[in-house]
Ligand code: ZN
Ligand code: FE
């Protein structure tokens, strides 16, 4: 049975995601930028929050945890590696751990780069991956703590998921990310087509996320760093995927 997924805008450009298992009533939220919109949506749907899943320690992903936990008593799950700078955790997680959720479970992937303790949650049966600020729609998070090699390895892990996986990322950055993608690969028709779809969605006030992994493969420059056409586009034909990724990430920081 599929999980219900709700994409909730929070703060200026963050997203929290509600997941609900209709078979068991289990209800989770991935990242808590602020508590109020999450509590309002839970009340509106009459869902009882059971689990709070955290991708990484940045304030815009955990700012509402204390208030949300106080209001709901939900369990808090987050990376063991960042235990010292996350809100108090009920369960500390590392690579390969499973988070039981209703009739399903989520696998934990360690995806360092944006931060060292960044994790992603993969609900294989439901085809959902919560990637926070690691793999993002048409982009990836800035390297605040990790190296390009670490982020490249993290993205490769996520890229190994099935094509149809829905990528639930932490911010509404897609339009700006696509401008960079188009500057790097101006002849890629999938980028132009996706840009039109994203402009339409944003114009109608709809989120541009989640996205499909297949679409990320076709348009996200940071997933494409190992392709011959991308290496040619950036004039690095002899370089490794990690080297091209590092160059693209540095270029995006200045874009
Ligand atoms: Zn962040
Ligand atoms: Fe963020």
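The values are calculated or read from the model by the stated rules, or taken from the named source; none is laboratory data. The model shown is predicted, which means the values in this text are computed figures rather than measured ones. Please note: Cβ atoms are built from the backbone with ideal geometry, for glycine as well, and neighbour counts cover all protein chains shown.
Brief remarks on what is shown
- Some residue of the range 109-125 being within 14 Å of ligand 2 (Cβ to nearest atom) and on the phi > 0 side of the Ramachandran plot: yes
- Verdict on residue 47 being farther than 24 Å from residue 140 by Cα, in contact (Cβ under 8 Å) with a residue 24 or more places away in the chain and more than 16 Å from ligand 1 (Cβ to nearest atom): yes
- Failed item, numbered, when residue 9 is tested on (1) within 19 Å of residue 106 (Cβ to Cβ); (2) away from ligand 1 (no atom under 13 Å from the Cβ); (3) in a strand (DSSP E or B): (1)
- Which listed residue, of 136, 151, is within 14 Å of ligand 2 (Cβ to nearest atom), closer than 30 Å to residue 98 by Cα and touching a strand residue (DSSP E or B) at 6+ places or on another chain (Cβ under 7 Å): 136
- Set 219, 195: member being surrounded by 15 or more Cβ atoms within 10 Å (Cβ to Cβ), under 19 Å from residue 133 (Cβ atoms) and touching a helix residue (DSSP H, G or I) at 6+ places or on another chain (Cβ under 6 Å): 219
- Residue check, residue 56 in a loop (DSSP other than H, G, I, E, B), within 16 Å of ligand 1 (Cβ to nearest atom), closer than 20 Å to residue 210 by Cα and within 15 Å of the chain's Cα centre (by Cα): yes
- Checking each residue in the range 70-119 for being within 16 Å of ligand 1 (Cβ to nearest atom) and either farther than 24 Å from residue 161 by Cβ or not in a loop (DSSP other than H, G, I, E, B) (or both) picks out 78, 79, 81, 82, 85, 86, 87, 110, 119.
- Out of 201, 247, sole residue that is in contact with a helix residue (DSSP H, G or I) (Cβ under 9 Å, 6 or more places away or on another chain), surrounded by 15 or more Cβ atoms within 10 Å (Cβ to Cβ), modelled with pLDDT of 95 or more and more than 24 Å from residue 154 (Cβ to Cβ): 201
- Residue count for the range 55-76 under the criterion of being farther than 12 Å from residue 32 by Cα and buried (at least 18 other Cβ atoms within 10 Å of the Cβ): the result is 2.
- Any hit, the range 187-200, residues being more than 30 Å from residue 3 (Cα to Cα), assigned to a loop (DSSP other than H, G, I, E, B) and more than 16 Å from ligand 1 (Cβ to nearest atom): yes
- Output for the range 40-77, where each listed residue is within 16 Å of ligand 2 (Cβ to nearest atom) and more than 19 Å from residue 105 (Cβ to Cβ): 56, 57, 58, 59, 60, 61, 62, 63, 64, 65
- Any hit, the range 131-151, residues being closer than 15 Å to residue 29 by Cβ, outside any helix (DSSP H, G or I) and away from ligand 1 (no atom under 16 Å from the Cβ): no
So that you can scan it fast, the table gives a plain yes or no per residue for (1) part of a loop (DSSP other than H, G, I, E, B); (2) crowded, with 24+ Cβ neighbours inside 10 Å:
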site: 29; (1), (2): no, yes
site: 32; (1), (2): yes, yes
site: 39; (1), (2): no, no
site: 43; (1), (2): no, no
site: 49; (1), (2): yes, no
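- Across the range 52-65, not a single residue is classified as more than 21 Å from residue 141 (Cβ to Cβ) and in contact (Cβ under 8 Å) with a residue 24 or more places away in the chain.
- Only one of the listed residues (162, 207) is touching a strand residue (DSSP E or B) at 6+ places or on another chain (Cβ under 6 Å), part of a loop (DSSP other than H, G, I, E, B) and surrounded by fewer than 23 Cβ atoms within 10 Å (Cβ to Cβ). That residue is 207.
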